[in-house]
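Here the structure comes first, spelled out in structure tokens, and everything after it is commentary.
The values are calculated or read from the model by the stated rules, or taken from the named source; none is laboratory data. What you see is a predicted model, and the numbers here were worked out from it, not measured in a lab. So basically every Cβ, Gly included, is an ideal-geometry build from the backbone, and we count neighbours across all protein chains shown.
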Amino acid sequence: MNTINWELLINYINGDCSNHEMQQVQQWCAEQTGNRYLLTYLERRQAELQQPLKQADIDEQWMHLLSRMFPHNNNTINDQTNPYKPYWFLGLAASLMLFSMLGWFYYKSTSVNNQLQFVQTNANTRSKVTLPDGTLVYLVPDSKISFKDFNGPKREVNLYGEAFFDVKHISNRPFIIRTTERLSITVLGTSFNVYVRRHTTAEVKVATGLVGVITDNHTHFLKAGEELTSNAESHAITIKPVIVKEASELQNGTLVFNNCDAHEIAQKIQRWYNIKVKVLPTAKKARRFSGEMKDTGMADLLNGLSYATGIHYQFEKTNTLLLF
Amino acid sequence: MPPITFAVVMSTENTPVLSTLEGFESIFKESYSPLFRYVNGIVKDEALAKDVLSDLFLNLWQVKDRLKINNLKPYLFRAAKNGALKALSARNQTLTLPEDLFDIPSDTYTPFEKFVAKQSIVIVEDLINKLTPLRKQIIELRLLGLKYTEIAIALDIPEKRVEYHLREAIEQLAKTINHTNLDEATIAGGLMLLTLLFPMLN
């Protein structure tokens, strides 16, 4: 015959005892009110202790821990000289376009906070945007980012296309990029390149800091100098090394070629300038090219590449570049 | 405590591997809530509890390669308890378990309940709060769902002692309840005597 003890009461609370034991406890409770209240206390204490915290709070603590595990180094864009000097006019045009678009939005909306704000580049423009938190975003042509309220605990943007992000480090306010291809990115303060277009392998290249890439509820962590690709159909993930300078191409306005053949050069030009590039078989025999080329215009770039690799180029009527 | 030999923690069981960032994240997210509740019970300060856990996991990440842990859960609770006490001592300059550890919070019973059963509740609170800190800890960890062996590792005591404390008959306390009633009656009587005596003394 068991005596009433803590173990028995706790088992009773968990429904983890025999019928006989259950009766025993109930009898004991009936003996005096003090007993009943002791049992109540244990029930409530257990409920308190086993109550899980909100997932959002736990995630926040995790992000905070990550920033302690991988300390952020304080290289901000302010320290570097403006690499966009050659783009003076382009930058002005883009800013004007940006201002007029945002101005239109402000005019249309009564309260700005809950309105969707977006920046979009068309086929020919590039854009450098500063978000309300100080984060810098460099967009290639034909890309779009949008965001709503930037004052909340999370800073969220949606991205379609390609952009380089230099995220301002703010403790406890993770920066999250959502894309259409079931890929989202969470950071605290880092810089990295994201490329997401329909029916194409998505890419994330990290220049500085630590980035968490979430695909199908699985988080992959990338350090500086790492690249993640996600296959368009299979969503298979690979992580491989990448040259940091290549990851920060957009920020520096410099194209980085790493032993590229004609096909890879064509791909790079296509993405950078948003122009269709066709490669004829004769170009494939040309020399591979490694090097950095500052973007001072497509003509300069092509001339330089041509000199280095022997590839010839020609523009066709349909705004297509031909390499041969 | 004798050194624990390293067991293969990888694919034989379904425990996440400590050494990868992914595994570490799983462990963090799964064990965060109970650890938080436990630490908060000791320090009674949510912000401080978060700091204690942050330090705990940061330290764990830094030493993970040198660590040989057989059973992770009790290890985490032990580290959490030590961290919590350290944080308390930094505040209060005391290195021992505080007497009010895991005391019944004053809002455990509803106002109605307090009205109806005031006396009983006072006695229950008194009894719980008078338990030794060790026994209170053991009960706390048991309510968190830890098994005897895990509690023993977490508190660094023999399993037999855990069993002893949890199997202690509460009948004893029931007797104390009745005893207390008697004592109160005696004291009440004694006080009355004093008040009667005073006027005479003056």
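Okay, residues lined up against (1) modelled with pLDDT of 90 or more; (2) in contact with an Asp or Glu (Cβ under 9 Å, 6 or more places away or on another chain):
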position: B:141; (1), (2): yes, yes
position: B:160; (1), (2): yes, no
position: B:174; (1), (2): no, yes
position: B:181; (1), (2): no, no
position: B:190; (1), (2): no, no
Which numbered condition residue A:45 misses (of (1) within 27 Å of residue B:50 (Cβ to Cβ); (2) of a type in the set (D, E, K, R); (3) over 54 Å from the mean Cα position of the chain (by Cα)):
(3)
So which of A:285, A:317, A:294 ends up being of a type outside the set (Asp, Glu) and touching a strand residue (DSSP E or B) at 6+ places or on another chain (Cβ under 7 Å)?
A:294
In contact with a Lys or Arg (Cβ under 9 Å, 6 or more places away or on another chain), within 7 Å of another protein chain (Cβ to nearest Cβ) and crowded, with 20+ Cβ neighbours inside 10 Å, is that true of residue B:139?
yes
Among (1) over 23 Å from residue A:201 (Cβ atoms); (2) over 17 Å from the mean Cα position of the chain (by Cα), there is one condition residue A:166 misses while meeting the rest; what is its number?
(2)
Which residues, taken from region A:228-250, are of a type outside the set (D, E, K, R) and buried (at least 22 other Cβ atoms within 10 Å of the Cβ)?
A:228, A:230, A:242, A:247, A:248, A:250
Of (1) surrounded by 13 or more Cβ atoms within 10 Å (Cβ to Cβ); (2) over 26 Å from residue A:242 (Cα atoms), residue A:319 satisfies every one except (1)
Condition check for residue B:153: modelled with pLDDT of 75 or more, surrounded by 14 or more Cβ atoms within 10 Å (Cβ to Cβ) and more than 13 Å from chain A (Cβ to nearest Cβ):
yes
Checking the condition over 15 Å from residue A:135 (Cα atoms), under 12 Å from the mean Cα position of the chain (by Cα), at pLDDT below 85 and not assigned by TED's automatic domain parsing to the domain that holds residue A:271, which residue from A:228, A:210 passes?
A:210
Can you find a residue that is part of a loop (DSSP other than H, G, I, E, B), at pLDDT 85 or above and farther than 18 Å from residue A:67 by Cα anywhere in region B:4-23?
no
Can you tell me which residue in region A:18-67 is surrounded by the fewest Cβ atoms within 10 Å (Cβ to Cβ), limited to those that are over 30 Å from residue B:114 (Cα atoms) and modelled with pLDDT of 90 or more?
A:19
When region B:99-119 is examined, which residues are found to be free of Cβ contacts under 8 Å to residues at least 40 places away in the same chain and either more than 9 Å from chain A (Cβ to nearest Cβ) or of a type in the set (Gly, Ala, Ser) (or both)?
B:99, B:100, B:103, B:106, B:107, B:110, B:111, B:112, B:114, B:115, B:117, B:118
The condition of being crowded, with 19+ Cβ neighbours inside 10 Å, modelled with pLDDT under 75 and within 17 Å of residue B:42 (Cα to Cα) holds, among B:101, B:97, only for B:101
Go through (1) closer than 28 Å to residue A:270 by Cα; (2) surrounded by 17 or more Cβ atoms within 10 Å (Cβ to Cβ) for residue A:168 and report which single condition fails.
(1)
Pair list, Cβ under 6 Å, 6 or more apart: region B:59-76 residue closer than 17 Å to residue B:147 by Cα, other residue of a type in the set (S, T, N, Q) and surrounded by 15 or more Cβ atoms within 10 Å (Cβ to Cβ):
B:76/B:31
Can you tell me which residue is nearest to residue A:64 (Cα to Cα) among those in region B:43-85 that are more than 14 Å from chain A (Cβ to nearest Cβ) and among the polar types (S, T, N, Q)?
B:82
